[in-house]
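The values are calculated or read from the model by the stated rules, or taken from the named source; none is laboratory data. Note that the structure is a prediction, hence the values are computed from the model and not measured. Neighbour counts are summed over all protein chains in view; Cβ atoms, including those assigned to glycine, are modelled from backbone coordinates with ideal geometry.
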Amino acid sequence: MIADPRIAKLPASAREPRSACACPTKIMTTPAKAAIDPLTVRLPIGSFRIAAASTNASSGAMKAVGLIVNDWQLSGVWTGATGSAYTVTYSYSSGGGAVNISGSPDFAGRVRLVGDPGAGCSNDEYRQFNAAAFQGPNYNSVGLESSNDYVRGCFTSALDLAIARNIRLGGSRNLQLRVEMFNAPNAQGITNRASSMTLSSPADPVTISNLPYDASGAILPARVKPSNAGFGQATGWQQERRVQAQIRFSF
């Protein structure tokens with residue numbers, strides 16, 4: 001075996017092999033951590049659950065929380081509908097029958113469009129469309145003054161919610177407390193309006209006599225109620241919020 005010349009230059013004490021350390025060895029131990037049950041939140045579509053599964057004494061608080069917040073269900077259904085298309089019609093108080101207008105008892109005239117009627121839906125319940133855009137038909141009408149379904153009703157939507165609490169009574173017995181809300185936001189979409197205008201006679205096919213407002217635009221007191229709605233005024237709304245509760249026991 002060939003000695004390393006560098007070792008010869010070291011002091012004798014350095015060249016002696018070192019023995020294992022005789023000093024006492026400290027073994028560091030870490031106390032075992034207590035088991036901590038996680039607080040989990042699950043949010044599947046239509047329901048929620050906060051679970052604390054532990055039953056030991058070290059997690060009594062979690063168990064209490066679990067007893068309060070577990071076994072709840074929240075569900076909802078949203079529906080939306082576009083408004084139906086409709087056509088504005090007319091009636092003459094006198095001299096405006098089909099024979100007078102078109103010369104035939106089988107064919108009547110149609111409303112004349114003299115402006116932009118608008119979309120057919122508005123936030124103003126008294127002005128669902130532009131009433132000034134319509135006039136009655138004249139004599140000798142051929143029934144082609146306007147087409148069908150040129151205005152459309154309002155879009156409506158509703159959110160129905162239900163919340164339920166399931167109480168486990170042991171075994172297969174279960175008690176459910178449930179509350180349901182239909183149209184929970186209490187949306188008030190307009191579903192119908194007065195779309196027929198009244199005119200005096202074909203001699204004056206312009207002056208509408210059943211408007212809900214006067215010449216200055218002020219609402220007429222007699223037209224405030226939908227039961228006596230004027231031309232272009234809303235007459236129907238979607239059903240208001242409704243709440244129902246039920247108790248269900250299963251075994």
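The table that follows gives values for the structure above.
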item: Among residues of the range 206-230, those that are closer than 26 Å to ASN140 by Cα and either modelled with pLDDT under 95 or in a loop (DSSP other than H, G, I, E, B) (or both), counted; result: 2
item: Pair list, Cβ < 7 Å and 6+ apart or interchain, from the range 129-148 residues that are not assigned by TED's automatic domain parsing to the domain that holds SER196 to residues that are aliphatic (A, V, I, L, M); result: none
item: Some residue of the range 161-175 being without any contact (Cβ under 8 Å) to a residue 60 or more places away in the chain, under 26 Å from ALA81 (Cβ atoms) and among the small types (Gly, Ala, Ser); result: no
item: Meets criteria (free of Cβ contacts under 8 Å to residues at least 12 places away in the same chain and either in a loop (DSSP other than H, G, I, E, B) or hydroxyl-bearing (Ser, Thr, Tyr) (or both)) for ASP124; result: yes
item: Near pairs, Cβ below 7 angstrom, 6+ apart or cross-chain, from the range 206-222 (closer than 16 Å to THR235 by Cβ) to any residue that is of a type outside the set (A, V, I, L, M, F, W, C) and part of a helix (DSSP H, G or I); result: PRO212/ARG223; ALA222/ASN228
item: Residue satisfying condition, being assigned by TED's automatic domain parsing to the domain that holds LEU113 and surrounded by 13 or more Cβ atoms within 10 Å (Cβ to Cβ), within set ALA162, ALA203, ALA194, ALA215; result: ALA194
item: Condition check for ASN192: among the polar types (S, T, N, Q) and not in a loop (DSSP other than H, G, I, E, B); result: yes
item: Complete set of residues in the range 70-111 that are under 46 Å from the mean Cα position of the chain (by Cα) and of a type in the set (Val, Ile, Thr); result: VAL77, THR79, THR82, THR87, VAL88, THR89, VAL111
item: Restricting the range 75-107 to residues that are among the hydrophobic types (A, V, I, L, M, F, W, C) and in contact with a Ser or Thr (Cβ under 6 Å, 6 or more places away or on another chain), the residue that is modelled with the lowest pLDDT; result: ALA81
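Every residue, every condition in (1) surrounded by fewer than 20 Cβ atoms within 10 Å (Cβ to Cβ); (2) touching a strand residue (DSSP E or B) at 6+ places or on another chain (Cβ under 6 Å); (3) of a type in the set (Asp, Glu), yes or no:
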| residue | (1), (2), (3) |
| --- | --- |
| VAL99 | yes, no, no |
| SER102 | yes, no, no |
| ARG110 | no, no, no |
| VAL114 | yes, yes, no |
| ALA119 | yes, no, no |
| GLU125 | yes, yes, yes |
| ALA132 | yes, no, no |
| ASN140 | yes, no, no |
| LEU144 | yes, no, no |
